[in-house]
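The values are calculated or read from the model by the stated rules, or taken from the named source; none is laboratory data. Please read these numbers as outputs of a predicted model, since none were measured by experiment. Note that each Cβ is placed from the backbone with ideal geometry, even for glycine, and that neighbours are counted across all protein chains shown. Note: accessible area is taken over every heavy atom of the protein model, side chains too, but ligands, DNA and RNA are not part of it. Shrake-Rupley method; radii C 1.70, N 1.55, O 1.52, S 1.80 Å.
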Amino acid sequence: MEKRNMVFIGTSLDGYIADKDGGLDWLQAVPNPDQLDLGYNSFIAQVDALVMGRTTFETVCGFDMEWPYKIPVFVMSRTLQTVPEKYRDKATLLHGPLQQVLGQLHKKGYGKLYIDGGSLVQSFLREDLVDELIITRLPIVLGGGTPLFSTLPEALQFEHVKTEVLLDEIVQSRYKRKR
């Protein structure tokens, strides 16, 4: 089984993934009249499961729409004790050290994982557990909010794979971890 931890995330030019109020409306700042998926569907097609942080889970639960995922979703949290009843058939709660959680997921046959959520991505990076980063930069400076990156114990080298310009304004870059 191939094991890969992948991040697919949008940021502002100044590196924030949510605004100062935790909002994501700015992700719609660039007109997308044809509702292009910006590579998301081809990305998600290669993923076995999604591992997200509690804040991201709560944000998704607050969207006024149907549950957006067709793959298994696992929520990492130190504070959440149970998944709200409305979402129990859609998400599974996980606790524990990242290596232990990854071991559990791999035993269940989930090798290619989509890691989502600011704190969780930062935790995976701190433990050098991110194999691939796909960062989509929107042409907006938020001036504060939830940063994508935080302090690391040591630098992590990534290899640039490709960069595309989407909708004439959005820059999406793919990087693989050099090991």
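Determine the relative contact order of the chain: mean sequence separation of Cα pairs under 8 Å and six or more apart, normalised by residue count, in whole percent. Dividing the mean separation by the residue count of the chain yields 37 percent.
Helix-only arithmetic for the chain: the sum of -39500 (n - 2.57) across DSSP H runs with n ≥ 4, divided by the residue total, places the mean residue ellipticity at 222 nm at -5000 deg cm²/dmol.
Exactly which trypsin sites (Lys or Arg not before Pro) in the stretch 48-91 are in a DSSP loop and have at most 13 other Cβ atoms within 10 Å? The qualifying sites are K70, R78, R88. Computed with the Debye formula from one identical point scatterer per Cα of the stretch 1-74, without solvent, the log10 of I(q)/I(0) at q = 0.11, 0.13, 0.27 Å⁻¹ comes to -0.34, -0.48, -1.60. Computed on protein heavy atoms with a 1.4 Å probe, the accessible areas place K112, K178 in the order K178, K112, largest first.
Please identify every one of the chymotrypsin sites (Phe, Trp or Tyr not before Pro) in the stretch 1-72 that sits in a loop by DSSP and has no more than 14 other beta carbons within 10 Å of its own beta carbon. Sparse-neighbourhood loop chymotrypsin sites (Phe, Trp or Tyr not before Pro): F63.
Here the calculated FRET efficiency for Q104 and L24, from their Cβ-Cβ distance with R0 = 25 Å, stands at 0.25, rounded to the nearest 0.05. Take the Cα of S173, go 7 Å toward its beta carbon, and the backbone nitrogen atoms of the stretch 15-45 under 15 Å from that spot belong to 15-16.
Here is the list for the stretch 54-153: GluC sites (Glu not before Pro) lying in DSSP coil, each with at most 16 other C-beta atoms within 10 angstrom of its C-beta, are E66, E127. For the stretch 12-97, a crude dipole built from +1 on the beta carbon of Lys and Arg and -1 on the beta carbon of Asp and Glu, taken about the Cα centre, is about 440 debye to the nearest 20. With bins 5 Å wide beginning at 0, the percent of Cα pairs of the stretch 25-109 falling in each bin runs 3, 11, 20, 22, 19, 13, 7, 4, 1. Across all Cα pairs in the stretch 93-179, the calculated P(r) in 10 Å bins from zero up to the longest distance comes to 14, 40, 35, 11, 1 percent per bin.
Distance from the alpha carbon centroid of the stretch 1-77 to that of the stretch 114-179 works out to 13 angstrom.
Using C-alpha pairs under 8 Å with a sequence gap of at least 6, the mean separation divided by the residue count of the stretch 115-179 gives a relative contact order of 39 percent.
In whole angstrom, the chain maps to an equivalent ellipsoid with semi-axes of 24, 20, 17, each derived as √(5λ) from the alpha carbon gyration tensor and ordered largest first.
Pairs exceeding a 28 Å alpha-carbon distance, out of K20/K112; K3/K86; K20/K162; K3/K70; K70/K178: K20/K112; K3/K86; K20/K162; K70/K178.
Given a 1.4 angstrom probe, I'd like the percentage of the accessible area of the stretch 1-150 that is carbon and sulfur, rounded to a whole number. Roughly 50 percent of what the probe reaches on the stretch 1-150 is carbon or sulfur.
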